Amino acid sequence: VKVDVRVIAATNRHLASEVEAGRFREDLLYRLNVFPLRLPALRDRPGDIAALAFGMLLRHAAAPGQPGWIARDALALLEAHPWPGNVRELENVIRRAILLANGASAITAQHIV
C-alpha cells in the first residue's frame, strides 16, 4: 500500500545542539528539518493574546447563555500575565473564566483567576 505522509513535529529544544551533545539522532534531525518554523512563546508576542482569547471564547462558549465577550479589564489582566504555560495555559484560563462567568454576558477581570 502506497502512503503519502507528512509529519509535523514540535520541540522546545534546539535539536542541532542536542545532536552535538549526543542526545538526539543526527539522521532524524535531517529528516525532520525540511521546513523549520520558529514560533515564539506567547510571552514574547502579547499582541496575539486578545485574538487567541476571543478565538478560544468562540470555540468553548458558542452557546446561548454563555459569555460572548471579554471585557477590557479582563484583557488587560491576560495581556499582563507572563504565560509560562504558553497557549495551553491561556486556553485553561479562558475555559475557567467561562465557567466562573456563570451566564454573564461577558468575561470580566473577576472571572480571570
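Here are some notes:
- Flag if Val93 is closer than 25 Å to Gly103 by Cα and open to solvent by less than 40 Å² (accessible area, probe 1.4 Å): yes
- Qualifying residue in the range 2-13 (condition: surrounded by 13 or more Cβ atoms within 10 Å (Cβ to Cβ) and either of a type outside the set (Asp, Glu) or modelled with pLDDT under 95 (or both)): no
- Complete set of residues in the range 62-80 that are open to solvent by less than 70 Å² (accessible area, probe 1.4 Å) and either touching a His at 6+ places or on another chain (Cβ under 7 Å) or without any contact (Cβ under 8 Å) to a residue 40 or more places away in the chain (or both): Ala63, Gly65, Gly68, Ile70, Ala71, Ala74, Leu75, Ala76, Leu78, Glu79
- Residue list for the range 57-85, restricted to those being in a helix (DSSP H, G or I) and not basic (Lys, Arg): Leu57, Leu58, His60, Asp73, Ala74, Leu75, Ala76, Leu77, Leu78, Glu79, Ala80
- From the list Arg25, Arg45, the lone residue that is over 27 Å from Gly85 (Cβ atoms) and surrounded by 10 or more Cβ atoms within 10 Å (Cβ to Cβ) is Arg25.
- Condition met for Ala104 (open to solvent by less than 70 Å² (accessible area, probe 1.4 Å), assigned to a loop (DSSP other than H, G, I, E, B), touching a residue at least 12 places away in the same chain (Cβ under 8 Å) and of a type in the set (Gly, Ala, Ser)): yes
The values are calculated or read from the model by the stated rules, or taken from the named source; none is laboratory data. Source: prediction; values computed, not measured. FYI the Cβ positions are ideal-geometry reconstructions off the backbone, even for glycines, and counts take in every protein chain you see. Surface accessibility is based on the protein's heavy atoms, side chains included, excluding ligands, DNA and RNA. Shrake-Rupley method; radii C 1.70, N 1.55, O 1.52, S 1.80 Å.
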